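What follows is one structure encoded as structure tokens, with my remarks underneath.
Derivation of every value follows stated rules applied to the coordinates shown; laboratory data play no part. Keep in mind it's a predicted model, so treat the numbers as computed, not measured. Every residue, glycine as well, gets a Cβ built from its backbone with ideal geometry; the counts of neighbours run over all protein chains shown.
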Amino acid sequence: MTISTAKFLMLPLLVLGALYGIRNFSGEVATLYTTDPEGQTHTTRVWVVDHGHELWIRSLDPTSPWLDNLIRQPDVQLRRGESITDYRATPHTERRTRVNALMAEHYGWAEWLLSRFEDRDQAVPVYLDPVG
């Protein structure tokens with residue numbers, strides 16, 4: 001294998017590593033706790049955006065397991081920093097354009113870069129309404 005072939009083969013790994021880093025280390029990344037049909041708790045790292053008194057997260061994949069979990073069981077928890085809060089999660093596809101714009105404004109270059117690889121037209125915005 002030549003050096004140029006090795007560099008070519010490393011390119012996908014570098015791109016995947018960069019995408020992972022952008023998703024997990026560019027701005028606030030919160031942890032969402034959902035419950036599956038068997039009662040098991042699952043954690044998912046998500047970007048969050050505050051808009052006035054509203055709190056939004058988003059699934060870029062409408063078939064995502066964590067999205068399925070919160071549709072079946074909308075009582076979720078979200079960890080932001082050291083604080084864990086209970087929420088009632090409600091998907092709102094009609095807010096897609098607005099939430100995508102809020103994410104772009106909040107996460108800037110990282111959102112722009114990820115949008116080159118992932119389709120925002122299928123995103124499912126989820127409103128988190130505090131419980132209690």
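For Val48, nonlocal amide neighbours, meaning residues 5 or more places apart or on other chains whose placed amide H falls under 5 Å from its own, are Ala30.
Distance from the alpha carbon centroid of the stretch 29-83 to that of the stretch 105-132 works out to 13 angstrom. Charged neighbours of Gln73, selected by a Cβ distance under 14 Å, balance to -3 (K, R count +1; D, E count -1). Here the stretch 63-117 is assigned +1 on the Cβ of each Lys and Arg and -1 on the Cβ of each Asp and Glu. Its dipole about the Cα centre then comes out at about 120 debye.
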